[in-house]
Each structure stands twice: as C-alpha cells, then as structure tokens.
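The values are calculated or read from the model by the stated rules, or taken from the named source; none is laboratory data. It should be emphasised that the depicted structure is a prediction, and the values quoted were computed from it without experimental measurement. Neighbour counts run over all protein chains shown; Cβ positions are idealised from the backbone, glycine included.
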Amino acid sequence: MGEFEFIDSIRKRFAVPEGFTGIGDDCAVIPRGDGLESLVTKDMLVEGIHFLLDRISAYDLGWKSAAVNISDIAAMGGTPLATFLSIALPPSLRSDKKWLDDFVRGYSDLSARYSCPLLGGDTCSSPDKLCIDVAVLGSAPAGRSVKRSGALPGDLICVSGCLGDSGAGLKLLLGECLSDEKFRASEKILIEKHCRPVPRVEVGKSLAAIPGVHSMMDLSDGLASDLRHILKASGLSAHIECSSLPLSAELLAISECRGWDPLELALTSGEDYELLFSIAPDSVREIEQALEGNGCHLYIIGNMTGNAEINAGAGPDIEWVGVDRDFIGFRHF
Ligand code: ADP
Ligand code: MG
C-alpha cells in the first residue's frame, strides 16, 4: 500500500464535521466563531528517512523541525500561534547535553522569527533512532485559508522562489568531497537552504488576503509530486513551462560543475518550502506587488487546464513543456 492510499483508507473512516477541513490539505481547518478559524498541522522527522544525524548539526535539525511544520501554516496563508514538540531520543543523545541544547536553540531561534512559542509536547526514549514530531496551531481570518482545492481552469500556476536548491544541498551533504574553492560559496548557500529552510509565512498571509489567489500549498516533496495534489483536489490538469522554472545561480553553477540536471532537481527534489499557488490571470499585478512588498518575486510557471482525466491512471495530468519525460517527486513509502 502506498503512502497516499494508506492516508485515504484513514480518511474514509472519519466523517468531517460541517465547516471543517480534514485530511488532504496542508492543515486541518477548524471554525472558531470569532471571525477567525484555527489551523492545525503535524509533521514528523525520522532519523535515516528525513535526516542523517552525522550530516546535520543539532542546531540546524532543531531549526528545520520547527520550520517545516510552520511552513504548512504558511501554505494556507495563516499565522502560526504555537508549536508542540514530541521527541523520542536514542541512548546516544539522551546524555549529550550539548547536542540537546543546540537542538533547542535552533528550534527556538526559528520560532522567535514568527513569535511562535513552543507550548508543550512529549519526551521519551527510543531504542535506536531519533524521531521528532511537531504539531503547530495557527489561525487565519474565517473562510480565508487558501486550500489545495480552489484552483480554477485558466489559473496561472506560480511559485514564490527558486526550486531545487534544497535538493542540491542534500546531494552535496551526501557526497564525498566538495568542489574546488571557487564553488565553495555556492555550495554553502545550497546546503544552508537544505538545513535551514525559511517558511514563507508573511508571503502566504499576503497572498491569502487577495481574492484572486485560488489555491495554495507549500513545496515539501517537489513540484512534480506537490502540484499533483492541487490538481487532484481541484479536478484539473496543468501545463508547466519548464523554461520558466526559477533556478538559482548557485544551482546552475554547481549542477554544471557536477554534471547534475538542474531541471530534474527543480522538479523532483523536495524541501524547498516555497509556496506553490494558482491565481486568476487578472490578479497578476496585485500579486506581484504583494510579493515584492515581502522581498519576493512572482514566478509564473504554467497554467491550469480544464477537467483532466486524472483518476484511474487515465493519462498524464501534467504536460511538462520543454522536456520529453514525466516526473515524479519524493515518495515517502
Ligand atoms: P504535507 O506534506 O503538507 O505535510 P502530507 O503529504 O504529509 O502533507 O499529508 C497529506 C495530508 O494527509 C494532510 O492533510 C495530513 O494531515 C494527512 N495525513 C497524513 N498522514 C496521516 C495520518 N496518519 N492520519 C491522518 N491524516 C494523515
Ligand atoms: Mg505542506
């Protein structure tokens, strides 16, 4: 059974109360009745699957654990209010005060950026691997959280920043040796993108305030995989213009030096934590201004096309213009 098949089997057993949003979006949405709605999200990081202890510092792991969770609040255009941390510690770390202090410092530095305190959690021992499980509570103006399901035919598909940097950073972390001196600065930037992602909270909030923004999510598993979630939820298909994908100078330089395909990294590697969203074509100017106000650029990478045969494997739901292959993003199972 695949990851999404399993999640679907859970979803079928639980009716979603009227006015709530349940499984299938970046956050659950719970009505509050005071002009706001609550957002709740939860994501786990498991040693050996999401990180290797000898390749990421304790500080960065703490930072990243909070960041990837807060990113799911950004994905709906919400404000993070508080996080909860559950952690299962293997014997090697239980007595390592420095590692534990550094982890908490990283978590706390990221949280401070969003004035989002850690308010509770759970600590236990693990026989072997480190497991970190974070939940975040957030809020948004009632009815204004941006869902994956709101995309309309003709919408422009957009991203908030460069793709593939984190994936390249991971490849560098896993690789044996670094390139020569002149590439060091670029490599450092890519590795930092992987180890210390910055969730797009302010960008998400400004986008959610614009009615022309119809659907949104954060890019955690790679564009090829994540875009399919919006398409499935909205019942659409898409054209993606591969020459319009934003690729950083660092990604291009290192890819050329190492013989990597930057486009493949941009499409299939995860953890960029940029926002992926679809907009009405007549909102472009307003959205460009909103993003520029947050130090970001609007990258239009394609458009939504109508009523795909997206179920039952009835054909490709994404046309990748400019390449001759289909792409699949990161799969957890
Ligand atoms: P994201 O990448 O945004 O964190 P996921 O792909 O992890 O989203 O999850 C997709 C959806 O499935 C989310 O709505 C999440 O809450 C739900 N989900 C995942 N695993 C489970 C589970 N074990 N039980 C209930 N819901 C789950
Ligand atoms: Mg998400």
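Observations, loosely collected:
- Among the residues listed as Gly302, Gly235, the single one being more than 15 Å from ligand 2 (Cβ to nearest atom), more than 17 Å from the chain's Cα centre (by Cα), buried (at least 18 other Cβ atoms within 10 Å of the Cβ) and of a type in the set (Gly, Ala, Ser): Gly302
- Any chance Leu276 is under 23 Å from Lys182 (Cα atoms), out of contact with any His (no Cβ under 8 Å at 6 or more places or on another chain) and crowded, with 23+ Cβ neighbours inside 10 Å: no
- Only one entry of Ile23, Ile70, Ile30 meets the criterion of being surrounded by fewer than 16 Cβ atoms within 10 Å (Cβ to Cβ), within 16 Å of ligand 1 (Cβ to nearest atom) and under 23 Å from Phe277 (Cα atoms), and that entry is Ile23.
- Evaluation of Ile10 against (1) free of Cβ contacts under 8 Å to residues at least 40 places away in the same chain; (2) surrounded by 12 or more Cβ atoms within 10 Å (Cβ to Cβ) (one fails), failing number: (2)
- Subset of region 227-268 that is part of a helix (DSSP H, G or I) and β-branched (Val, Ile, Thr) - its residue that is farthest from Leu190 (Cα to Cα): Ile230
- Residues of region 63-81 that turn out to be within 13 Å of ligand 2 (Cβ to nearest atom), under 13 Å from Ser108 (Cα atoms) and over 10 Å from the mean Cα position of the chain (by Cα), as a count: 0
- Any hit, region 216-231, residues being surrounded by fewer than 21 Cβ atoms within 10 Å (Cβ to Cβ), among the basic types (Lys, Arg) and out of contact with any strand residue (DSSP E or B) (no Cβ under 9 Å at 6 or more places or on another chain): no
- Applying the criterion of being out of contact with any Gly (no Cβ under 8 Å at 6 or more places or on another chain) and crowded, with 20+ Cβ neighbours inside 10 Å to the residues of region 109-133, the residue that is farthest from Ser38 (Cα to Cα) is Leu130.
- Among the residues of region 82-102, those identified as surrounded by 14 or more Cβ atoms within 10 Å (Cβ to Cβ) and more than 17 Å from Ser126 (Cα to Cα) are Ala82, Thr83, Phe84, Asp102.
- Gly169 fulfils the conditions (1) surrounded by fewer than 16 Cβ atoms within 10 Å (Cβ to Cβ); (2) under 30 Å from Ala88 (Cα atoms); (3) not hydrophobic (A, V, I, L, M, F, W, C) except for a single criterion, (1).
- Test: Leu100 is more than 16 Å from ligand 1 (Cβ to nearest atom) and over 30 Å from Lys205 (Cα atoms): yes
- Verdict on Asp60 being more than 16 Å from ligand 2 (Cβ to nearest atom) and under 20 Å from Leu219 (Cβ atoms): yes
- Pairs linking a residue in region 196-223 that is closer than 12 Å to Ala290 by Cβ and within 16 Å of ligand 2 (Cβ to nearest atom) to a residue that is of a type in the set (Lys, Arg) and modelled with pLDDT of 95 or more, with Cβ atoms under 6 Å and 6 or more positions apart or on different chains, are Ala208/Arg144.
- Of the set (1) within 16 Å of ligand 1 (Cβ to nearest atom); (2) touching a helix residue (DSSP H, G or I) at 6+ places or on another chain (Cβ under 7 Å), all apply to Asp221 but (2).
- Filter pass, Ser179 being in a loop (DSSP other than H, G, I, E, B), surrounded by fewer than 20 Cβ atoms within 10 Å (Cβ to Cβ) and in contact with a Cys (Cβ under 8 Å, 6 or more places away or on another chain): yes
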